[in-house]
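Structure record follows, encoded as structure tokens.
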Amino acid sequence: MLSMGYAGGGRGNPESSSDVVIRTIHQILQRGWIVCLEHVYREANDVADPLSNNAKTRELGYHFFNEPPEKS
């Protein structure tokens, strides 16, 4: 499983954060890997939503969890 984190797209930056994500996904798809993309609505994903909320208070970098953060 690949999870991407990024910084950028703030004011004064001509490249939006969604542009960065789309370009990164495109680069991954070009690697010749077998890739499956699946959209899951935020409300239905009990892991990604708390992780994204948790990321707002952490420093940029890699963080490892033994268990996913609890819903707030």
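If only residues of the stretch 6-30 that are at pLDDT 65 or above and charged (D, E, K, R) are counted, the one that is farthest from LYS56 (Cα to Cα) is ARG23. Considering only residues that are hydroxyl-bearing (Ser, Thr, Tyr) and surrounded by 10 or more Cβ atoms within 10 Å (Cβ to Cβ), which ones fall in the stretch 34-62? Within the stretch 34-62, just SER52 meets the criteria.
The values are calculated or read from the model by the stated rules, or taken from the named source; none is laboratory data. Treat the numbers as computed from the prediction; the structure is a model and nothing was measured. Here Cβ is always computed from backbone atoms with ideal geometry, including for glycine, and neighbour counts include all displayed protein chains.
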